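A short write-up of the structure that comes next.
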Amino acid sequence: MKHGRQLLAGVAALAGVMAGGLMATAAAAQEAPLRPDQAAFRALYKELVETDSSITTGSCTLLADKVEKHLRAAGYGDADITRFAVPDHPKEGGIVVILPGTSKTLKPILLLGHLDVVVAKREDWTRDPYTLIEEGGYFYGRGTSDMKAMDAIWIDMMARMKKEGVKNKRTLKLALTCGEETSWAFNGAQYLANNKRDLIDAEFALNEGGGGRTDGKGKVIVQNLHVGEKTVVNYRIEATNPGGHSSIPIPDNAIYELSDALVKLRAFDFPLMLNDTTKAFFTKAGPARGGDMGKAMVTIAAAPIGSPESKAAEAILNTDRSYHSMLRTTCVATLLDGGHANNALPQRAGANVNCRIFPGVAAEEVRATLEKVIADPKMTVKQVDDRGPLAKSPPLTPFIVGPAERLVAKYYPGVPLVPVMSTGATDGIYLEAVGIPSYGPPGLYGDPDGNGAHGLNERAIVKAVYTGREFLNELVKEYANK
């Protein structure tokens, strides 16, 4: 993940004026030497980070081998472990491990994580990206934030429960996959959802996308529960023309027609949309934000869409790029191509338009809207690809929210838990398509600058990793025994 980090950075910005809470005792206590269980966890985290699992230079399969070794050492056997891959992507394999519960009626919980990371080049980084370095209160290294800290927490949790003979009511399943960070590789979560549905069957899944943000100075000011996301779809807008010699130009020009279309697209806004998650976000975050923006947030959640109050609130919210995106489908030109010679009139000109589609809206509906906005019968609008199925928003239920709220109050007193819908994408979209709701739990947290995820010098806050481990262990145990 992630594209959604831009949204979470916006959440952190609004929360900068909120009343902060004290850090958890467990986090503050990290000045003391690590407990044996924490030291073992750190060693696991280090091994994950120091194994290159990027698509271009690394191997998820190799990392899955190492994870399997840890799990077998904890007591899991052949009946508990499933490895998977496809022949044409041998380095993009994954692993599923199952810890049986005692109940015959309660459905399992699925813990989901992706092993792959965005490639990192040593010459670009200040430190070796594939060496875990602890410095100045941060863990540095590729994947420290996205998402090997959570991967390590899931693996460590499953291993400790097995070693300690823990008997939860619900069965716990862990799926670690590859392909989340690309649109062209073998996506393990999609494969499992489409081909191994029974293996990963669960009442719900816990995935990336949640977590909190600091004020940039170490104080946690908000925790988020990730509930739903948009669908990513690319379209190609193309103009064609007979062309000719550039010495005798005419207005009928493919590049000009494409330019006209993109100007129309720039001026167009898809209509306002809200769902339960975004209403809850604006209702809860608005009072904390305060001022005209805060009032507009509360109003947009309460006023009927299309009413004068709603329109006035929308105008204010549209001045914030994160809120503008949360309120609708968005489409933006991202790539251009055109012409075939510098002395010829262009025969073809095209643009890629990247759309983030609001849950419940069909890709074909968006394509038809783009065609209508362009309003030029000589141009074509075609869907090129998509990152997954139609997005479905999981329900925001007390069963999910209640335990998360209680633990946020325990670990981060005074810090609000705010539901968010990601404007980006996670592998949860594949689970939701087959009836497994996916949530990004709170617990971990980062800085408002995104901590270098996908970029240079990626880092995770040391206190956040250890506190997040305690938080998520307690959260999963509560869910597993309700």
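The values are calculated or read from the model by the stated rules, or taken from the named source; none is laboratory data. Just so it is clear, the structure is predicted and the values come from calculations on it, not from any experiment. Positions of Cβ are backbone-derived with ideal geometry, glycine not excepted, and every protein chain shown enters the neighbour counts. Note: areas computed on protein heavy atoms with side chains; ligands, DNA, RNA excluded. Shrake-Rupley method; radii C 1.70, N 1.55, O 1.52, S 1.80 Å.
So the values come out like this:
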{"quantity": "Contacts under 8 angstrom Cβ, first residue in the stretch 129-151 being without any contact (Cβ under 8 Å) to a residue 12 or more places away in the chain, partner hydrophobic (A, V, I, L, M, F, W, C) and crowded, with 22+ Cβ neighbours inside 10 Å, 6 or more apart", "calculated": "133/139"}
{"quantity": "Restricting the stretch 117-131 to residues that are modelled with pLDDT of 95 or more and β-branched (Val, Ile, Thr), the residue that is farthest from residue 61 (Cα to Cα)", "calculated": "126"}
{"quantity": "Single residue of 230, 167 found to be of a type in the set (D, E, K, R) and over 30 Å from residue 273 (Cβ atoms)", "calculated": "167"}
{"quantity": "When residues of the stretch 282-319 are limited to those that are in contact (Cβ under 8 Å) with a residue 40 or more places away in the chain and out of contact with any helix residue (DSSP H, G or I) (no Cβ under 7 Å at 6 or more places or on another chain), the one farthest from residue 230 (Cα to Cα)", "calculated": "290"}
{"quantity": "Subset of the stretch 352-374 (residues that are basic (Lys, Arg) and out of contact with any helix residue (DSSP H, G or I) (no Cβ under 9 Å at 6 or more places or on another chain))", "calculated": "367, 372"}
{"quantity": "Boolean, residue 195 is within 30 Å of residue 172 (Cα to Cα) and surrounded by fewer than 18 Cβ atoms within 10 Å (Cβ to Cβ)", "calculated": "yes"}
{"quantity": "Qualifying positions in the stretch 275-300 - of a type in the set (Val, Ile, Thr), open to solvent by 10 Å² or more (accessible area, probe 1.4 Å) and closer than 16 Å to residue 324 by Cβ", "calculated": "299"}
{"quantity": "Among the residues listed as 106, 115, the single one being touching a residue at least 24 places away in the same chain (Cβ under 8 Å) and open to solvent by 40 Å² or more (accessible area, probe 1.4 Å)", "calculated": "106"}
{"quantity": "All positions within the stretch 437-451 that are of a type outside the set (S, T, N, Q) and either buried (at least 22 other Cβ atoms within 10 Å of the Cβ) or part of a strand (DSSP E or B) (or both)", "calculated": "439, 440, 441, 442, 443, 444, 445, 446"}
{"quantity": "Test for residue 271: is it open to solvent by 70 Å² or more (accessible area, probe 1.4 Å), modelled with pLDDT of 95 or more and outside any strand (DSSP E or B)", "calculated": "yes"}
{"quantity": "Subset of the stretch 312-328 that is of a type in the set (A, V, I, L, M, F, W, C) and open to solvent by less than 20 Å² (accessible area, probe 1.4 Å) - its residue that is nearest to residue 420 (Cα to Cα)", "calculated": "326"}
{"quantity": "Filtered residues of the stretch 157-182 (kept if basic (Lys, Arg) and surrounded by fewer than 21 Cβ atoms within 10 Å (Cβ to Cβ))", "calculated": "160, 162, 163, 167, 169"}
{"quantity": "Filter result for residue 185 (small (Gly, Ala, Ser), surrounded by 24 or more Cβ atoms within 10 Å (Cβ to Cβ) and in contact (Cβ under 8 Å) with a residue 60 or more places away in the chain)", "calculated": "no"}
{"quantity": "Residue within the stretch 243-255 that is touching a Gly at 6+ places or on another chain (Cβ under 8 Å) and within 30 Å of residue 112 (Cα to Cα) present", "calculated": "no"}
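Quick grid of which residues meet (1) in contact with a Lys or Arg (Cβ under 7 Å, 6 or more places away or on another chain); (2) under 22 Å from residue 59 (Cα atoms):
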{"position": "133", "(1), (2)": "yes, yes"}
{"position": "142", "(1), (2)": "no, yes"}
{"position": "147", "(1), (2)": "no, yes"}
{"position": "154", "(1), (2)": "no, yes"}
{"position": "176", "(1), (2)": "no, yes"}
{"position": "179", "(1), (2)": "no, yes"}
{"position": "194", "(1), (2)": "no, no"}
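Yes/no per residue for (1) open to solvent by less than 10 Å² (accessible area, probe 1.4 Å); (2) at pLDDT 95 or above; (3) farther than 28 Å from residue 422 by Cα; (4) not in a loop (DSSP other than H, G, I, E, B):
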| position | (1), (2), (3), (4) |
| --- | --- |
| 12 | yes, no, no, yes |
| 19 | no, no, no, no |
| 22 | no, no, no, no |
| 34 | no, yes, yes, no |
| 39 | no, yes, yes, yes |
| 52 | no, yes, no, no |
| 84 | no, yes, yes, yes |
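Results for (1) over 18 Å from the mean Cα position of the chain (by Cα); (2) aromatic (Phe, Trp, Tyr); (3) over 24 Å from residue 398 (Cα atoms); (4) at pLDDT below 95, shown as yes or no for each residue.
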site	(1), (2), (3), (4)
137	yes, no, yes, no
142	no, no, yes, no
156	yes, no, yes, no
176	no, no, yes, no
183	no, no, yes, yes
201	yes, no, no, no
204	no, yes, no, no
214	yes, no, yes, yes
217	yes, no, yes, yes
